[in-house]
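Undergrad: Take a look at this one; I'll ask things after.
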Amino acid sequence: MNKIYRTWSLMSAAWQLFKEDKKILFFPLISGISCIAVIAAFAIPLFLTGKWQPPGHDAESVQKALYYGTLFAFYYCNYFVIVFFNAALTSCVMTRMCGGQPTIGEGLRTAASRLPLIAGWALIAATVGLILRLIEDRSEKVGQIVSSLLGTAWTVVTYLVVPILVVERRNPFSALKESTVLLKKTWGEQLVGSFSFGAVFSILALPAILLVVGVFFTGSLVIIGIGIGLAVTYFILLALVQSALQSIFQTAIYLYARNNQVPAGFQEEMLRTAIVAKN
């Protein structure tokens, strides 16, 4: 409950900045549409050819290489799209936090000017993603646990990579190292997030879930259709807002860790306790 309360406070602070620049929803919206296009580009051919299932342990080496090679390509394209639009969003948020007036075009131009860095980071992220997938596939139970633990650690140490790429133009390896250094310097060793945007937004999603359950009891196809349409729209808007607020918070964490700067609307206590050292 403390984590949820702390997250709500952070979200409220991020919301104040978001209200000044609602147009930044453009970036997660286009990112989401692009990711769907990437998924379709890979999923449809795999489904039509019947090659979508992971190869078994007794499968031929060529079959495994083709499957995991395709999976790597999917990871790379997906990460590239996500990082590109996150970089554009981060650029706009940074401009706003520094007192400027960001535009969508400015954000896209900034991201485009970092294309080699974004491509390099997407390559690293895709490689790590594939390794975690291989560990998970290796052993269904133990592999899932190990993959989850490593994935959580990776998420923490890379938390500031995108702002570093955008603001400091460091190469991907240098950005990864600097992200780890900044986090450890500010919050200490064995870091763990004391916030959970996912948990809070899961709670906020409950009204839509209850709406869908409720309309099914009416027995009317028209009402069920309207109810599902409203729920889907709500889920999409919720996901877009979550992405925007997370980027705002991520940028605030970067400014605090790099310059000890507390952006307007945030409190130092919020940022200081957002990430803690695991006991």
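Undergrad: Suppose we look only past 37 Å in the calculated P(r) of the chain. What percent of the Cα-Cα pairs does that tail hold?
TA: Everything past 37 Å amounts to 19 percent.
Undergrad: Relative contact order for the chain: what percent, with Cα pairs under 8 Å and sequence separation of 6 or more? Spell out each step's value before the answer.
TA: Working: 286 pairs, mean separation 75.1, N = 279.
RCO, the chain: 27 percent.
Undergrad: Kyte-Doolittle cut-off 0.5, length cut-off 27 Å along the helix's own axis using Cα: show which whole DSSP H helices in the chain pass.
TA: 26-49, 61-97, 115-138, 221-259
Undergrad: For ARG169 and THR218, calculate 0.36 nm times their separation in residues minus their Cα-Cα distance, and state this gained length in nm to one decimal.
TA: Values: separation 49, 0.36 × 49 = 17.64 nm, distance 5.61 nm.
Working it through step by step, the gained length comes to 12.0 nm.
Undergrad: Is there a quick way to get the dipole size of the chain? I mean about its Cα centre, with the Cβ of Lys and Arg at +1 and of Asp and Glu at -1; what is the value in debye to the nearest 20? Provide the component values of the computation, followed by the final result.
TA: Details: 21 positive and 13 negative charges, 86 e Å.
Roughly 420 debye, rounded to the nearest 20.
Undergrad: Just to be sure I follow the definition: excluding the sites themselves, where is the longest run in the chain that has none of the GluC sites (Glu not before Pro) in a DSSP loop with at most 11 other Cβ atoms within 10 Å?
TA: Values: sites that count: GLU60, GLU189.
In short, 61-188.
Undergrad: Would you work out which of TYR5, ALA175, LEU230 lies farthest towards the positive end of the dipole of the chain, given +1 charges on the beta-carbon of Lys and Arg and -1 on that of Asp and Glu, about the Cα centre?
TA: With unit charges placed on the Cβ atoms, the residue in question is ALA175.
Undergrad: Please sort 203-216, 153-166, 36-49 by packing, taking for each peptide the average over its residues of neighbouring beta carbons within 10 angstrom, highest first. Intermediate results must be reported in sequence, preceding the final value.
TA: Numbers: 203-216: 13.8, 153-166: 21.0, 36-49: 12.2.
Descending mean neighbour count gives 153-166, 203-216, 36-49.
Undergrad: What is the calculated FRET efficiency for GLU106 to THR155, with r their C-beta to C-beta distance and R₀ = 22 Å, to the nearest 0.05? Don't skip to the answer; put the middle values down first.
TA: On the way: r = 28 Å, r/R0 = 1.29.
The computed FRET efficiency comes out at 0.20.
Undergrad: Let me ask something else. Toward the positive end of the charge dipole of the chain, about the Cα centre and with charges on Cβ (Lys, Arg +1; Asp, Glu -1), which of PRO263, GLY151, LEU245 goes farthest?
TA: PRO263
Undergrad: Quick one: if you stick a label point 7 Å off each Cα along the C-beta vector at ARG272 and PHE235, how many nm between them?
TA: If labels sit at ARG272 and PHE235, their model points lie 4.1 nm apart.
Undergrad: Jot down the per residue volume, in cubic angstrom and as a whole number, of the convex hull over the alpha-carbon atoms of the stretch 202-273. Could the numbers behind the result be given before it?
TA: Details: hull volume 5.9 nm³, N = 72.
Value for the stretch 202-273: 82 Å³ per residue.
The numbers here are math on the coordinates, done by the rules we state, and not lab data. These figures come from a predicted structure and were not determined experimentally. Quick reminder, even Gly has a Cβ in these numbers, built from the backbone with ideal geometry, and neighbours come from all protein chains shown.
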